[in-house]
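Report on the following structure.
The values are calculated or read from the model by the stated rules, or taken from the named source; none is laboratory data. It should be emphasised that the depicted structure is a prediction, and the values quoted were computed from it without experimental measurement. Because the Cβ atoms are built from the backbone with ideal geometry, glycine has one as well, and the counts that use them run over all protein chains shown.
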Amino acid sequence: MIDFGDIMDNNIIEKIVKTAHHIYDKEMILGKAGNISILDESKQFMYITASGTDFKSLSHEDVIKVNINDLSYTSVDNKVPSMETNLHVGVYKNRSDVNSVVHVHSPYATAFAFSNKKLRQLEGFGEITGEYITEVDYYPPGSKKLAKYASDALKNEDKVLLKDHGVITVGKNIDEATLLCEYIEGIAKTQYITHVLNL
């Protein structure tokens with residue numbers, strides 16, 4: 001573990017805290033699941049939410065600075081980085097254009113992830129790259145396989161569904177990645193209601 005002392009970027013930390021509260025208010029998170037990260041300007045360190053944090057009350061002390069090369073980190077009160085740290089690192093190493101990763105368990109999108117129905121892409125967030133949102137097969141949360149296959153899938157996509165798990169989005173900044181999560185949840189809700197109406 002490395003002590004970065006005063007080198008912590010409070011601007012990045014504040015963005016993560018505000019985003020976590022926004023995600024909680026939008027009901028895109030359940031319990032203490034989910035994680036958020038931002039890559040700093042040096043492209044050597046990322047700031048990520050600590051493992052087991054509650055987004056409703058998440059504070060500056062719940063954000064950890066991680067070296068993406070050796071995974072060393074500094075934290076307050078012996079907190080550890082999110083169990084999905086390797087997934088976030090994999091995305092940053094694969095995508096030079098990505099500076100933020102958001103992982104949520106929003107209800108409607110996650111329901112599709114647990115079902116046998118695919119989530120169709122709709123207009124409303126840039127170019128439609130395929131008929132359905134890409135899905136990543138189930139691997140245990142925090143596992144090396146999940147990190148590998150999810151980060152590989154995000155080489156050519158900005159959003160994926162994790163089977164029996166949740167949603168991951170990426171963006172050039174945290175606002176873009178968060179808005180994409182909201183878009184995914186919105187189209188999932190629309191398609192769920194459509195399925196019900198068509199019964």
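Pairing residues of the stretch 156-172 that are part of a strand (DSSP E or B) with residues that are of a type in the set (D, E), at Cβ distances under 6 Å and at least 6 apart in sequence or on separate chains, gives L161/E135; V170/D158.
The residue that is farthest from S42 (Cα to Cα), counting only those in the stretch 93-132 that are hydroxyl-bearing (S, T, Y) and at pLDDT 95 or above, is S115. Of all residues in the stretch 35-61, those satisfying the criterion of being of a type in the set (V, I, T) and modelled with pLDDT of 95 or more are I36, I38, I48, T49. Answer yes or no as to whether E135 is in contact with a Ser or Thr (Cβ under 7 Å, 6 or more places away or on another chain), more than 20 Å from Y47 (Cα to Cα) and either surrounded by 13 or more Cβ atoms within 10 Å (Cβ to Cβ) or modelled with pLDDT of 95 or more (or both). So E135 does not fit the description; no. When I29 is tested against the conditions (1) surrounded by fewer than 22 Cβ atoms within 10 Å (Cβ to Cβ); (2) under 30 Å from T190 (Cβ atoms); (3) touching a residue at least 24 places away in the same chain (Cβ under 8 Å), the lone failure is (1). Among the numbered conditions (1) in contact with a strand residue (DSSP E or B) (Cβ under 7 Å, 6 or more places away or on another chain); (2) buried (at least 18 other Cβ atoms within 10 Å of the Cβ), tell me where V80 comes up short. The failed condition is (2).
Look through K93, K118 and report the one residue that is closer than 19 Å to N173 by Cβ and either among the charged types (D, E, K, R) or crowded, with 19+ Cβ neighbours inside 10 Å (or both). Spell out how you get there, then give the answer.
On the way: K118 fails: closer than 19 Å to N173 by Cβ.
Being closer than 19 Å to N173 by Cβ and either among the charged types (D, E, K, R) or crowded, with 19+ Cβ neighbours inside 10 Å (or both) holds for just one of K93, K118, which is K93.
Residues that are surrounded by 12 or more Cβ atoms within 10 Å (Cβ to Cβ), of a type in the set (G, A, S) and in contact with a strand residue (DSSP E or B) (Cβ under 8 Å, 6 or more places away or on another chain) are absent from the stretch 179-198 altogether.
Return yes or no: is N86 in contact (Cβ under 8 Å) with a residue 24 or more places away in the chain, closer than 19 Å to K145 by Cα and more than 16 Å from the chain's Cα centre (by Cα)?
Details: in contact (Cβ under 8 Å) with a residue 24 or more places away in the chain: yes; closer than 19 Å to K145 by Cα: yes; more than 16 Å from the chain's Cα centre (by Cα): no.
Taking the combined requirement at face value, the residue does not satisfy it.
Kindly indicate the residue of the stretch 150-176 that is within 13 Å of the chain's Cα centre (by Cα), farther than 18 Å from N94 by Cβ and not aliphatic (A, V, I, L, M) and also surrounded by the most Cβ atoms within 10 Å (Cβ to Cβ) among those meeting that condition. My answer is G166.
When you check D77 against the structure, is it free of Cβ contacts under 8 Å to residues at least 24 places away in the same chain, touching a helix residue (DSSP H, G or I) at 6+ places or on another chain (Cβ under 9 Å) and not hydroxyl-bearing (S, T, Y), yes or no? Show your work before the answer.
Values: free of Cβ contacts under 8 Å to residues at least 24 places away in the same chain: yes; touching a helix residue (DSSP H, G or I) at 6+ places or on another chain (Cβ under 9 Å): yes; not hydroxyl-bearing (S, T, Y): yes.
Judged against the criteria, D77 is a match.
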